[in-house]
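Everything below concerns the one structure shown next.
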Amino acid sequence: MKKSKSQIELRTTPHTHAAGDVVKIMRNVVYALLPIAGFAIWQFGLSALALLITVTLSCLLTERFFNWMGSGYNSLGDWSATITGILLALTLPPAFPLWMGAVAGIAAIALGKALFGGLGMNVLNPALVGRAFVQAAFPVAITTWTPAFFDGRFSQFAPSTLALPFLRPPSVDHWIELLQVDAFSGATPLALYKFEGIQTDTVELLTGMTTGSAGETSALLILVCGLYLAFRRMLDWRIPLTVMGGVALTSALLSLFDPERAPDTVFMLFSGGLMLGAWFMASDMVGSPVTPLGILIYGLLIGSLTVVIRVYGGLTEGVMYAILLGNAATPLIEQITQPRVFGQRASK
Amino acid sequence: MSLFNLFGRPSFNHGIHPPSNKTVTGKTPIRRLPFPGMLVIPLNQHIGKPAIPIVRKGDEVVRGQPVAKADGFVSVPIHAPATGRIKGIELMPTALGKNAPSILLEVYEGATQEVLWGEEQTIGDMSDEALRQAIQDSGMVGLGGAAFPSHVKLTIPEDKSVDTLVVNGCECEPYLSCDHRMMLEHPRALMRGIRYAMRATGTQQAVIGIEDNKMDAVETLRANLPRDGSISVEAVETKYPQGSEKMLIKSLLGREVPAGGIPSEIGVVVNNVGTLAALGQLLPKGEGLIERVITVAGPGVKQPGNYLVPLGTPIGFVLDQVGYEGSQTEFILGGPMMGPAVSALDTPVTKGTSGLLVLNEPDIESETLRIWPCIRCARCVDACPMHLNPSHLGQLAAKRKYETMAEEFHLNDCFECGSCSYVCPSNIPLVQYFRIAKAINREQAA
């Protein structure tokens with residue numbers, strides 16, 4: 001028998017593999033976030049742009065630092081730190097001081113990701129860990145909102161954006177007065193609802209004609225971007241769906257038992273960070289269960305916790321803590337929802 | 001059956017949809033390959049005890065003559081695939097990587113294709129027991145790849161009874177089309193073989209399950225069904241691994257084979273269409289299994305197709321006949337999902353070889369992929385036909401918790417179909433992890 005004329009490969013089965021890998025998934029999440037980031041920049045101007053760049057850079061540099069500390073392998077190429085950076089920036093108020101944004105980025109990667117062992121090992125969503133950190137550290141700055149679509153937003157920064165590190169950021173009240181924006185109350189739709197009982201119009205919530213964190217305002221745009229990922233099978237549609245289901249269900253239940261404080265379901269769904277959280281953060285693969293029943297429980301838990309915190313808690317917004325709690329509960333949820341293996345105690 | 005089956009072809013839950021790559025070979029009629037100069041006939045082509053040679057170096061044998069006898073019940077005889085002289089019995093490479101004692105048969109130049117051994121027999125006159133003996137004497141094994149002796153499978157233990165014969169025409173592995181061609185070209189032999197199997201097992205009904213990417217085969221077989229209605233043909237969803245015994249039974253009958261059990265426990269016996277068609281061809285003539293159809297395909301093959309090959313033909317000879325190219329190649333015996341890769345070109349085609357694939361550079365490069373950490377995307381959980389949690393099993397394997405894998409997470413229910421590795425975006429070689437885990441557990445138990 002003559003020898004093969006070529007080099008013979010020996011590999012284990014299967015010899016074929018579905019197209020696409022982790023990098024492709026992550027890259028597509030970045031693509032899906034870009035329109036949302038673009039809308040934030042169009043809406044809030046230079047401040048939002050600077051915030052996005054600063055926070056993302058801070059995440060990337062922190063990731064690189066831990067690469068250098070650890071294996072030496074450059075993990076920036078997997079795009080996961082970029083996603084964390086963009087997501088984190090989108091959850092912050094648009095005029096958030098840049099240096100605080102940088103701190104948020106460092107906290108996100110260092111405490112949320114590197115501490116656990118990097119990609120795939122983190123228990124909590126890194127972006128939300130970063131946000132929780134600055135929420136605790138800078139309670140005033142993180143609830144300081146600026147008007148959307150003001151004139152001159154592409155030629156000037158909000159004064160708080162360029163605050164010097166470790167100094168109290170200047171108040172934006174005077175600056176907003178100078179802008180002469182009509183009827184800017186300095187409150188998000190959720191705050192208006194909670195403290196003044198004013199319910200923002202649904203169309204405004206959908207299109208993003210409100211104020212809020214940089215990237216959470218347009219529910220419709222987030223929905224479209226999320227659906228893009230779901231259709232490309234890079235996002236598990238079951239998670240956002242069950243989160244939204246949990247919100248709807250809990251709102252409905254509350255209106256039965258506590259009609260006085262019961263929120264409007266549609267308002268709950270489309271206000272605040274729920275859309276962004278449901279589609280881009282709760283659905284983060286690493287922190288969510290892999291079992292079908294586990295996914296259902298996880299989604300419903302996040303959805304209902306969000307409503308409960310919003311209605312009964314001291315905060316106006318509950319998405320962040322709801323998702324972090326959902327993340328923390330994931331190992332337990334998964335443990336009790338292992339699927340029935342084929343042929344075990346045949347059910348039929 | 002799940003609710004979803006009301007709206008589509010019968011199927012099982014989970015599974016994957018790899019590109020089938022059957023368009024060329026599915027339309028190529030079976031062609032005969034010439035004899036090679038030397039045949040390598042391993043004595044352990046089947047599961048069970050290896051056959052015992054009954055020829056010596058220097059003996060002359062004719063095509064179809066037995067050269068080895070069965071060693072006990074779970075074993076089958078082997079017949080000479082060509083007329084020639086025995087060169088010896090030596091250790092030769094096999095598909096599983098281990099060398100095995102093999103009869104070397106030097107084929108006479110100009111040897112005839114006519115089978116010179118075997119007496120015609122009337123199956124109808126035989127007792128059921130004689131029929132099963134005739135099946136063993138034919139050397140028949142599962143031609144789908146398992147190579148389990150057919151007469152053993154068709155002998156139902158006293159304490160069990162089966163009501164349905166499931167005939168497996170799924171051929172769910174990509175590239176492979178030899179079963180497809182057998183169904184199209186030998187439907188009557190298949191029907192005969194099904195009747196023999198029904199008699200041997202005492203079943204009253206048979207269902208042929210065929211993936212719906214082979215509707216021509218469904219129609220051909222429906223046109224050849226007997227009038228008594230005992231045999232039916234059912235199209236099932238094209239989905240890997242539909243052709244796995246357990247999955248096909250679930251799809252067709254809605255029954256689940258218990259974990260660790262075999263189909264006869266739920267009244268079913270499964271046979272492959274290729275096996276039964278070959279039985280239908282051989283039994284009436286009293287001949288033994290000396291050749292089989294294999295699909296030769298893959299991007300590296302110049303003339304892909306389905307070839308009737310004498311058993312023992314070295315794959316190097318087959319490749320010379322069909323031509324192949326590539327400076328970096330991988331040779332696979334069987335399908336790309338479960339077939340082992342081989343390194344020696346004198347590895348022979350045996351009874352269990354259903355295909356010979358040649359992959360070359362583009363595939364090999366795209367497969368030399370970086371392994372990323374598990375990002376818990378759950379794709380493997382949604383792919384596993386056994387409803388295992390490959391993601392968690394993989395993490396346990398990385399921590400070497402092999403016992404936990406088996407005891408708490410049903411490792412031993414994994415039949416290594418490769419669906420989890422196929423979908424994994426982190427390119428984690430999950431199946432390989434599981435094979436290692438099983439092997440270590442076996443060693444620990446021993």
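Laboratory data are not the source of any read-out in this text; all were calculated from the coordinates shown. This is a predicted model, so every value here is computed, not measured. Cβ: placed from backbone, ideal geometry, glycine included. Neighbour counts: every protein chain shown.
Only alpha carbons enter this Debye calculation for region B:174-311, each as an equal point scatterer, and the log10 of I(q)/I(0) it gives at q = 0.16, 0.22 Å⁻¹ is -0.92, -1.49. The equivalent ellipsoid that matches the C-alpha gyration tensor of region B:104-253 spans semi-axes of 26, 22, 16 angstrom, in descending order.
Residue by residue, region B:107-115 carries 3J(HN,Hα) couplings of 7, 5, 5, x, 4, 7, 7, 5, 8 Hz when phi is fed to the Karplus relation 6.51 cos²θ - 1.76 cosθ + 1.60 (θ = phi - 60°); x denotes Gly or Pro. Charged neighbours of residue A:195, selected by a Cβ distance under 14 Å, balance to +1 (K, R count +1; D, E count -1). Straight-distance candidates among the lysines for linking to residue B:246, with alpha-carbon spacing under 30 Å and chain neighbours fewer than 8 residues away dropped: A:348, B:22, B:27, B:49, B:98, B:153, B:160, B:214, B:351, B:401, B:438. Helix A:46-69 and the longest principal axis of the Cα set of chain A meet at an angle near 40°.
Normalised by the number of residues in region B:379-445, the mean separation of alpha-carbon contacts (under 8 Å, six or more apart) gives a relative contact order of 36 percent.
Once the gyration tensor of the Cα atoms in region B:379-445 is diagonalised, the equivalent ellipsoid follows with semi-axes of 18, 12, 10 Å, ordered largest first. Expressed in Å, the radius of gyration and Dmax of the Cα atoms of region B:12-71 are 19.2, 56. If you take every residue apart from residue B:334 with its C-beta less than 13 Å away from the C-beta of residue B:334, what net charge results, scoring Lys and Arg +1 and Asp and Glu -1? Charge balance in the 13 Å sphere: -3. Measuring nothing but alpha carbons in region A:1-122 and taking Rh as the Kirkwood radius, the Rg to Rh ratio lands at 1.20. Under the rule of -39500 (n - 2.57) per DSSP H run of 4 or more residues, summed and divided by the residues of chain B, what mean residue ellipticity at 222 nm is obtained, to the nearest 500 deg cm²/dmol? Mean residue ellipticity, 222 nm, calculated: -7500 deg cm²/dmol.
Neighbouring Cβ atoms from other chains, within 10 Å of the Cβ of residues in B:409-417, number 2 on average. The rule of thumb for compact globular proteins, 2.2 N^0.38 Å, goes into the C-alpha radius of gyration of the protein assembly as shown 1.18 times.
Its residues counted as N, region A:203-270 yields a C-alpha radius of gyration over 2.2 N^0.38 Å of 1.27. Based on Cα contacts under 8 Å between residues 6+ apart, region B:1-108 shows a relative contact order of 24 percent. Normalised size of chain B, defined as Cα radius of gyration per 2.2 N^0.38 Å with N residues, equals 0.97. Note that region B:277-413 carries a Kirkwood radius of 18.0 Å, evaluated over its alpha carbons pair by pair.
When chain A is treated as a GNM with alpha-carbon contacts under 10 Å, the residue of A:24, A:194, A:113 showing the greatest mean-square fluctuation is A:24. Distance from the alpha carbon centroid of region B:90-141 to that of region B:1-75 works out to 12 angstrom.
Each listed q (0.09, 0.10, 0.13, 0.15 Å⁻¹) maps to a log10 I(q)/I(0) for chain A from the Debye sum over equal C-alpha point scatterers, namely -0.51, -0.61, -0.99, -1.29. Counting charges near residue B:30 (Lys, Arg +1; Asp, Glu -1) among other residues having Cβ under 10 Å from its Cβ returns a value of +2.
Rg/Rh for region A:60-140 stands at 0.97; both radii use Cα atoms, and Rh follows the Kirkwood definition. Scanning residues 5 or more positions from residue B:206 or on other chains, those with amide H under 5 Å from its amide H are B:165, B:231, B:232, with H placed 1.01 Å from N in the peptide plane.
The GNM of chain B, with springs linking C-alpha atoms under 10 angstrom apart, assigns the highest mean-square fluctuation among B:102, B:264, B:327 to B:327. Could you let me know the centre-to-centre spacing of region A:283-348 and region A:210-262, using Cα atoms, in angstrom? Each part's Cα centre sits 15 Å from the other's.
For trypsin sites (Lys or Arg not before Pro), the sites in region B:180-244 that DSSP calls loop and that have at most 15 other Cβ atoms within 10 Å are B:227.
Helix A:80-90 axis versus longest C-alpha principal axis of chain A: approximately 20°, rounded to the nearest ten. Each helix, a run of at least 4 DSSP H residues, gives -39500 (n - 2.57); summed and divided by the residues of chain A, these come to -16500 deg cm²/dmol at 222 nm.
For region B:69-78, the Karplus equation 6.51 cos²θ - 1.76 cosθ + 1.60, evaluated at θ = phi - 60°, returns couplings of 10, 5, 9, x, 6, 8, 5, 9, x, 10 Hz by residue, with Gly and Pro reported as x.
Panel note: the C-alpha atoms of region A:221-348, placed on their principal axes, show extents of 50, 34, 26 Å (largest first).
Note on residue B:446 and residue B:412: the extension gain reaches 10.6 nm, defined as 0.36 nm multiplied by sequence separation minus the Cα-Cα distance.
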